[in-house]
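One structure is given below, encoded as structure tokens.
No lab work stands behind these numbers, since they all come straight from the coordinates. What you are looking at is a predicted structure, and each value in this text was computed from that prediction instead of being measured. With ideal geometry, Cβ positions are generated from the backbone for all residues, glycine too; neighbour counts draw on all protein chains shown.
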Amino acid sequence: MEQIIIHVDMDAFYASVEIRDDPSLRGKALIIGSLPQERGVVATCSYEARKFGVRSGMNIKEAYRLCPGGLFLHPNFDKYRAVSAQLHAIWNEYAAASEAIALDEAYLDVTEKAGDWAGACAFAREIKRRTREELGLSCSVGIAYCRAAAKTASEEKKPDGYFEIPVAQAFVDLIIDRDVRVLPFVGDKTAEKLRMAGIRTVRDVREQQEAVIRLLGKHGAWIVQLAYGIDERPVVAYKPEDAKSVSREVTFQEDVEDLRYLKDVLFLLSLSVESRAARVGLYGRGVTLKVTYADMKTVTRSRVIRSSRSAAVLYRETAELLEQLEERPVRLIGAGLHNLESEEGRQLRLEEVFGEAEKERDALVREKISELTARYGLDFGAFLAGTARSGELYRTIETMRLQG
Ligand code: DCP
Ligand code: MG
């Protein structure tokens, strides 16, 4: 699959917006998040503050210790959301499909609109120019033949960066001696597992690919592919704020790290989404997983599916997406269907006509419910009767967390 993808990411986003709106802040070590005397974390900070070692997600006390002369400000989310909408509106003009990953970040599939590589590079330059001229903010862009490389490229020359990775060989040459964490889906935990097996760099992954797969299974096979610069994931048109979706999310009373529990929660959320979608008579052609980590960083991941609203499908897809994320304490998790379509618009597949797909899904749902009943000792009958009601859902999820 030939693709040309631009990844665009704003520089020190929240901090840059504050500096734009109050030029007296320019050049200062600006830290957005809690104030030093409060409990909390750094959301982001200006590049001047980064020189002191301050980072997103860091405890605010630690940030204060590193940078006592810094200027600490609370975030203004409404403002960032409004700016984000303006940013994505500009970027979307250049893409046939654009996938908003965060308020300040998107993948743009420019393959068709740009026509060729030179056209894509011109788009990237124009995106930078317009973002600066129209919104007074700087961004970093990466242009590449695949998502993973585009993301690496946008980080390569931050801030105000511009970088091209036209082919797989160029990507491999760039990252081969870097830490495995340069690859998407390799977070701290995965990196640690690999390190225990003596695998530290991308080169090590290539040279010990059997070991990587043995160690990490399907996830490992992904990582090996990426180490060869192979990444065919498409850009899935998706905007988190898109109202045309049916989704359900839950914020935990306490942060959660247990992957099995998180998957069980996804299953319950999926059942709830299915019943909601059924009530409004809609099916989705995309699924979305949303995760907010304990440090407030939110990530969303989407996939294209064959039109469905089945809890089994939604669960299977979102659980897979979850496995590909970094393992860090989770504060909120959500699952949803998007790219919705109604009954009439759908083309039935043969398996559906004969009811086979449905039987298979029902079996998966039944199996999963008996698994949960055994694990948590709860009566899921009551829950199933009320899946669409939030109260029941939250209560069940919290009870499971306390019993798990
Ligand atoms: N954010 C947050 N908590 C985090 C990470 C990020 O609240 N742990 C918010 C603040 C950031 C915004 O999301 O401004 C975008 O995140 P990025 O990771 O893109 O960070 P920045 O844009 O701030 O900086 P960079 O120039 O490194 O992209
Ligand atoms: Mg950014």
How do His74, His88 rank when sorted from fewest to most other Cβ atoms within 10 Å of their own Cβ? His74, His88
Karplus 3J(HN,Hα) series, Hz, for the stretch 66-79 with 6.51 cos²θ - 1.76 cosθ + 1.60 (x for Gly, Pro): 6, 9, x, x, x, 9, 9, 10, 6, x, 10, 4, 4, 5
If the chain between Glu93 and Arg195 were fully extended at 0.36 nm per residue, the gain over the current Cα-Cα distance would be 32.4 nm
Taking the stretch 63-190, the lysine pairs whose C-alpha atoms sit under 25 Å apart (8 or more places apart or on different chains) add up to 8
The stretch 284-348: Cα Rg divided by the 2.2 N^0.38 Å rule of thumb: 1.23
Please pull out the direction-averaged projected area of the stretch 67-202, using the convex hull of its alpha-carbon atoms, in nm² to one decimal place. 10.7
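Per-residue counts of other Cβ atoms within 10 Å, averaged by peptide: what ranking do you get for 187-197, 147-157, 264-274, highest first? Provide the component values of the computation, followed by the final result.
Working: 187-197: 14.9, 147-157: 21.9, 264-274: 25.7.
Descending packing order for the listed peptides: 264-274, 147-157, 187-197.
Please work out how much length the chain gains when fully extended from Lys158 to Asp255, using 0.36 nm per residue of separation minus the C-alpha to C-alpha distance, in nm with one decimal. Walk me through the numbers on the way to the answer.
Values: separation 97, 0.36 × 97 = 34.92 nm, distance 3.13 nm.
So the chain would gain 31.8 nm between Lys158 and Asp255.
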Compactness check, the stretch 109-188: C-alpha Rg relative to the 2.2 N^0.38 Å globular estimate gives 1.16
What nm value, rounded to one decimal, do you get for the distance between Arg65 and Arg39 when each label is placed 7 Å out toward the C-beta? 1.8
Arg125-Asn76 pseudo-label distance in nm [points 7 Å out on the Cα-to-Cβ vector]: 3.5
As straight-line cross-link partners of Lys28, the qualifying aspartates and glutamates (C-alpha separation under 19 Å, not fewer than 8 residues apart within one chain) are Asp11, Glu18, Glu48, Glu62, Asp160
Across 20 Å bins beginning at 0, the whole-percent shares of Cα-Cα pair distances in the chain come to 24, 57, 19, 0
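Stretched out fully, how many nm does the piece from Thr298 to Glu398 gain, at 0.36 nm a residue minus the Cα gap? All intermediate terms of the calculation are to be shown ahead of the outcome.
Numbers: separation 100, 0.36 × 100 = 36.00 nm, distance 2.11 nm.
Difference between extended and current length: 33.9 nm.
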Straight-line reach from Lys368: which lysines have a Cα under 22 Å away, not including same-chain ones fewer than 8 places off? Lys218, Lys263, Lys290, Lys359
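Sort Glu326, Glu317 by Cβ crowding within 10 Å, fewest neighbours at the top. Please list the in-between numbers first.
On the way: Glu326 17, Glu317 24.
Arranged by neighbour count, lowest to highest, Glu326, Glu317 become Glu326, Glu317.
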